[in-house]
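A quick write-up on the structure given underneath.
The values are calculated or read from the model by the stated rules, or taken from the named source; none is laboratory data. Values in this document were obtained by computation on a predicted structure and should not be read as measured data. A quick note on method: Cβ atoms are made from the backbone with ideal geometry, for glycine too, and the neighbour counts reach across all protein chains shown. SASA here: full protein model, heavy atoms, side chains in, ligands and nucleic acids out. Shrake-Rupley method; radii C 1.70, N 1.55, O 1.52, S 1.80 Å.
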Amino acid sequence: QVQLVESGGRLVHTGDSLRLSCAASGRTLRDYGMGWFRQASGKEREFVAAISWSGGRTYYADSLKGRFTISRDDAKNTVFLQVNNLEPEDTAKYYCAADRQDIRVRVGRVEYWGLGTLVTVSS
């Protein structure tokens, strides 16, 4: 079992930056592809970014390229999402995901989900 706990979400203003963290416990993340998804109120959960188990490959939603950066620190069993130049449209709950198969992370069919951290961007 892998437990994922997201943190770092808070109320920010347009143009601000945030770094979200996803800390894992139970197993090492070295064998897992990791991803971030988000869900705004009244909308479906959408893919944000993913990183391969090796850390060698990263993937981003086309509409979010350039402002989001995913990274991982396996020594700390943690995955990060750096978000720059936040916009009100980024307001959502952000979820961390993990799966042993990288492709499953990118399509959201993962073995493990965190409970999410809320990001609110005011204009």
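Of note:
- Matching entry among SER54, SER71 (being in a loop (DSSP other than H, G, I, E, B) and of a type outside the set (Phe, Trp, Tyr)): SER54
- Inter-residue pairs, beta-carbon under 8 Å, first open to solvent by less than 70 Å² (accessible area, probe 1.4 Å) and in the range 47-58, second acidic (Asp, Glu), 6+ apart: ALA50/ASP102; SER52/ASP102; GLY55/ASP74
- Residue in the range 59-69 that is on the phi > 0 side of the Ramachandran plot, in contact with a strand residue (DSSP E or B) (Cβ under 7 Å, 6 or more places away or on another chain) and open to solvent by less than 70 Å² (accessible area, probe 1.4 Å) present: no
- So LEU81, is it crowded, with 18+ Cβ neighbours inside 10 Å, under 23 Å from GLY15 (Cβ atoms), more than 14 Å from the chain's Cα centre (by Cα) and touching a residue at least 40 places away in the same chain (Cβ under 8 Å): no
- For the range 94-111, the candidate set comprises residues that are surrounded by 19 or more Cβ atoms within 10 Å (Cβ to Cβ) and out of contact with any Phe, Trp or Tyr (no Cβ under 7 Å at 6 or more places or on another chain); within that set, the residue that is farthest from ARG67 (Cα to Cα) is VAL110.
- Among the residues of the range 25-51, the one identified as within 16 Å of ALA92 (Cα to Cα), in a loop (DSSP other than H, G, I, E, B) and in contact with a helix residue (DSSP H, G or I) (Cβ under 9 Å, 6 or more places away or on another chain) is ALA40.
- The set of residues in the range 6-19 that are surrounded by 15 or more Cβ atoms within 10 Å (Cβ to Cβ) and in a strand (DSSP E or B) comprises GLU6, VAL12, LEU18.
- Restricting attention to the range 24-43, the residues that are among the small types (Gly, Ala, Ser) and surrounded by fewer than 17 Cβ atoms within 10 Å (Cβ to Cβ) add up to 5.
- Residue check for THR91: open to solvent by 40 Å² or more (accessible area, probe 1.4 Å) and either under 14 Å from the mean Cα position of the chain (by Cα) or in contact (Cβ under 8 Å) with a residue 60 or more places away in the chain (or both): yes
- TYR95 meets the conditions (1) closer than 18 Å to TYR112 by Cβ; (2) in a loop (DSSP other than H, G, I, E, B) in every case but one. The failed one is (2).
Matching residues to (1) more than 17 Å from ALA23 (Cα to Cα); (2) modelled with pLDDT under 95:
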position	(1), (2)
LYS43	yes, no
SER63	yes, yes
CYS96	no, no
GLN101	yes, yes
GLY108	yes, yes
